[in-house]
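Notes to accompany the following structure.
The values are calculated or read from the model by the stated rules, or taken from the named source; none is laboratory data. This one's a predicted model, so the numbers in the text were calculated from it and none came from an experiment. Please note: Cβ atoms are built from the backbone with ideal geometry, for glycine as well, and neighbour counts cover all protein chains shown. Areas reflect the complete protein model, heavy atoms only, side chains present, ligands, DNA and RNA absent. Shrake-Rupley method; radii C 1.70, N 1.55, O 1.52, S 1.80 Å.
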Amino acid sequence: MSNPSLLILPGDGIGKEVMAEVRRIIEWFGDKRSLTFDVSEDLVGGAAYDVHGTPLHDDTMAKAQEVDAVLLGAVGGPDYDNLDFSVKPERGLLRLRKEMDLFANLRPAQCFDALADFSSLKRDIVSGLDIMIVRELTSGSYFGEPRGIFEEDGQRVGINTQRYTEAEIDRVARSAFELARRRNNRVVSMEKANVMESGILWREVMEKVHQEYQDVELSHMYADNGAMQLVRAPKQFDVIVTDNLFGDILSDCAAMLTGSLGMLPSASLGAPMENGRPKAMYEPVHGSAPDIAGQGKANPSACILSFAMALRYSFDAGEEATRLETAVEKVLADGVRTADLMQTEEAQPVSTSQMGDAILAALDASL
Ligand code: NAD
């Protein structure tokens, strides 16, 4: 059988630096765990624009459609801020998400004990936190028609439309229930069924799909209450499923419960391919961080943890994913810190590659 394939798109700024560490981790799994990938690498974002005049070349898009998973670093930067909207680096990312039809965005919010004091909430509220937000990513208010700024009765009106079909809700519901089965079997669905028809339909379809997942507990919560509960008592949740707009906000809110942007991975999943694996792209939540790019200061953990998600959700290697996550956790527990994880200036932060070294050493120690 051929090796699973992985397309690496480092992108811009610190994307390239953190991805270099991920490549070392990937090699480690090949050498030490006989988990070998066919890795190819290509350009996205500003890096692709510099060479091809477009943030995503058609050939790269075609490759992304063929591989088992895509791993992306980050795109963007000040050099590209004044480009036309159609060729901005972010358009490359959006094209990948759209053409791969990645409808389920998985954003874990996990609080490593060693970092609990980084949260804006009290330690006992976040310590041990482990929740997963599933955000619908390809429909809803960001895509619904009509949209635009129109002239009406002598003034301008800005319009966006919240629109969901049953099929769109059905498929993201299934993703959430399947995920819950791998976790603690609980799903909370969030919408605003009290004031929005799309919310009523969302709730109805969730209930209908739930008939096939009776082993999973389903409850519903209005999204505004959900926001309050996330900061009041976030540990009550296991899997949260919600639409594109609410998910955008709630997942950022949940992310900040855990402290640093440098620690947050994500996955975007689509429909199963012929080999049963979902179409998938994994990427850290952070951007290209132009303020620290090229200085060896970036924390590679978010990108490394994104690769751990790939191991779990694309490559059926849940145990190896846990091994990698545990290695990151151990390094943090040992007090190894990149600059973003330091609250005082007393200690010396490690560089991006030293953080990679420490994680590799923890992986070695796990054998
Ligand atoms: P950013 O996430 O790049 O940076 C925000 C802050 O967090 C910065 O101070 C940065 O130094 C710090 N930071 C981020 N990741 C870090 C890491 N791994 N280690 C240490 N510190 C880290 O967000 P921004 O500054 O708003 O955006 C910069 C560029 O990135 C923009 O061009 C933006 O459009 C783009 N962006 C891209 C993505 C993506 O590729 N998915 C996401 C967000 C922003």
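Listing for the model above:
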item: Tally, over the range 109-156, of residues that are farther than 21 Å from residue 301 by Cα and without any contact (Cβ under 8 Å) to a residue 60 or more places away in the chain; result: 16
item: Number of the exception - residue 74 against (1) at pLDDT 95 or above; (2) over 23 Å from the mean Cα position of the chain (by Cα); (3) of a type in the set (Gly, Ala, Ser); result: (2)
item: Test: residue in the range 176-188 that is among the basic types (Lys, Arg), touching a residue at least 24 places away in the same chain (Cβ under 8 Å), surrounded by fewer than 17 Cβ atoms within 10 Å (Cβ to Cβ) and within 16 Å of the ligand (Cβ to nearest atom); result: no
item: Given (1) over 17 Å from the mean Cα position of the chain (by Cα); (2) aromatic (Phe, Trp, Tyr); (3) closer than 21 Å to residue 242 by Cα; (4) more than 16 Å from the ligand (Cβ to nearest atom), index of the condition residue 103 fails; result: (1)
item: Strands (runs of 3 or more DSSP E) fully within the range 205-310 counting 3 or more residues that are more than 16 Å from the ligand (Cβ to nearest atom) and open to solvent by less than 30 Å² (accessible area, probe 1.4 Å); result: 239-242
item: Hey, residue 353 crowded, with 22+ Cβ neighbours inside 10 Å, small (Gly, Ala, Ser) and in contact (Cβ under 8 Å) with a residue 40 or more places away in the chain or not; result: no
item: Odd one out for residue 361, checked against (1) over 17 Å from residue 14 (Cβ atoms); (2) within 16 Å of the ligand (Cβ to nearest atom); (3) out of contact with any Asp or Glu (no Cβ under 9 Å at 6 or more places or on another chain); result: (2)
item: Answer residue from the range 111-159, given it is acidic (Asp, Glu) and not in a loop (DSSP other than H, G, I, E, B) and is least open to solvent (accessible area, probe 1.4 Å) among those; result: 136
item: Qualifying residue in the range 160-175 (condition: free of Cβ contacts under 8 Å to residues at least 40 places away in the same chain and in a loop (DSSP other than H, G, I, E, B)); result: yes
item: When residues of the range 330-350 are limited to those that are of a type in the set (Asp, Glu) and over 24 Å from the mean Cα position of the chain (by Cα), the one surrounded by the most Cβ atoms within 10 Å (Cβ to Cβ); result: 334
